[in-house]
Structures are given as C-alpha cells and as structure tokens.
Amino acid sequence: MKQRFVLYWTLGILIAVIAIAAAFYFDAAVVAFMAGHQTPGMRNFMLNVSRFGDWPEHFLVGLALLGFARWRGNKKWARIFLAMLMALSIAGLTGRAIKVTTGRARPLVKAEHGWNGPRVSGSKYHSFPSGHVDASVGFFGVLFLARRRIGLACLPIPILIGFSRLYLGAHYLSDVACGAALGILAAFIVWHFARRRVENRE
C-alpha cells in the first residue's frame, strides 16, 4: 500500500514537471495564437468568465453552500464545503506570495524583463501564477476528491476560467499550468487531513 502511494506521487510529480516545462516552452506560441483569434463577442464572454471566476466569487459560493449544509444539518457536506474553502484559501494565499516575489510581467505588458523581482503593488507584474486558476482548482479539486462524479461535472469551470485568462492576455500558459498545479497540491493536502472526518460522517 505504501509502495503504491509513493508510486502514484512520483508519477504525479513527474507528469506535473513535464506539463509545466511544456507550458513554459509554448508560452510565446499560445500568446500569439490567442492574440490572432480575438473576436468582440468571445472577448466579452471571456471577460465575464474572468469577472465571475475570481476567488471572491468562489469564496462566496463556498460560504453559501457551507451555510446551507449547516442549516440542513448535513455535517458531511458541511465538512466538504469547509475543506473546499480551506484549499481555495491556501492556494490563493500561496499564489499571492509567489506573485509578489517573482514580479512576472503579464503578456500584454511591454517590459524589458519578464521577471522583475518583488513587487508588492501593480497587478501588471503579478502574472505568475494565475490567481483565478489556483483558487478555482483548489476549490473544485477537493470536491473531485470527495465526490468524483460531482467534481468531474464541475471540471469545465476551472478549465474555462483558465482559458479565459489566456484569451484575455492576462496570463501565460505557464502561469495557468503552475496555478493549476498549486491548486491541485492544496486540494490534496487539505483532503488528506479532512478525509477521515468526512468519512466518519457517512
């Protein structure tokens, strides 16, 4: 059992490293592709996706679901929703710290250096990683681990949010990939500690 666990983690890390390396390699190509396929209607749609797909909206939905579950007396789902909020918060705060530390310029910024070091203010230099994506993947990642079918049905949400950030030129592909990796890691860590308490309620 322990060997299988180590194998799965090793494979997961290897896949993540390869995916992130490939994302960095294709950064410029994806930016060029998105810039060459802009339409007013699609851009407006993606603006709305990004607007309603940020972490505050996820947090408010999570709080509403947590409140509803507690009102219904369903402690199992209340713990799941609480774990989703925790994963979102961990991924979001960690991602924010990385943004401030790295100071990566967004694709639309004409900067001499892509990586500019610590920058506390100025969202133009907070490209890496995608805060939208790390929060959304952390949030729905816990749901997927807790309830596979429901989580799988919600999978298009973080994917669409990530695509919207690329389409709008707000992030590079590597920003989105690393944001997703951060969200997945946060979801696994939170669920590792929350799983037993949730399963004891079944």
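Would you say Ala21 is free of Cβ contacts under 8 Å to residues at least 24 places away in the same chain and under 21 Å from the mean Cα position of the chain (by Cα)?
yes
List the residue pairs whose Cβ atoms are under 8 Å apart, where the first residue sits in the range 146-158 and is closer than 19 Å to Lys76 by Cα, the second is basic (Lys, Arg) and in a helix (DSSP H, G or I), and the two are 6 or more positions apart or on different chains.
Here the result reads Ala146/Arg195, each pair linking the range 146-158 to a residue that is basic (Lys, Arg) and in a helix (DSSP H, G or I).
Among the candidates Phe140, Phe193, which residue alone is modelled with pLDDT of 95 or more, assigned to a helix (DSSP H, G or I) and aromatic (Phe, Trp, Tyr)?
Phe140
Looking at the range 86-110, which of its residues are within 13 Å of the chain's Cα centre (by Cα) and surrounded by fewer than 21 Cβ atoms within 10 Å (Cβ to Cβ)?
The answer is Ser89, Ile90, Leu93, Thr94, Arg96.
With the structure loaded, tell me whether Ile161 is surrounded by fewer than 18 Cβ atoms within 10 Å (Cβ to Cβ), in contact with a Gly (Cβ under 8 Å, 6 or more places away or on another chain), modelled with pLDDT of 95 or more and under 29 Å from Pro40 (Cβ atoms) or whether it fails that test.
no
Output the number of the condition that Leu82 fails; it satisfies all remaining conditions of (1) touching a Pro at 6+ places or on another chain (Cβ under 9 Å); (2) of a type outside the set (Asp, Glu); (3) in contact (Cβ under 8 Å) with a residue 24 or more places away in the chain.
(1)
Residues in the range 90-122 that are in contact (Cβ under 8 Å) with a residue 12 or more places away in the chain and under 30 Å from Arg147 (Cβ atoms): how many?
Qualifying residue count, the range 90-122: 7.
Assigned to a helix (DSSP H, G or I) and among the small types (Gly, Ala, Ser): does that describe Ala170?
It is false that Ala170 is assigned to a helix (DSSP H, G or I) and among the small types (Gly, Ala, Ser).
The values are calculated or read from the model by the stated rules, or taken from the named source; none is laboratory data. Worth saying up front: this structure is predicted, and the values here are computed from it rather than measured. Virtual Cβ from ideal backbone geometry, glycine too; neighbours counted across all protein chains shown.
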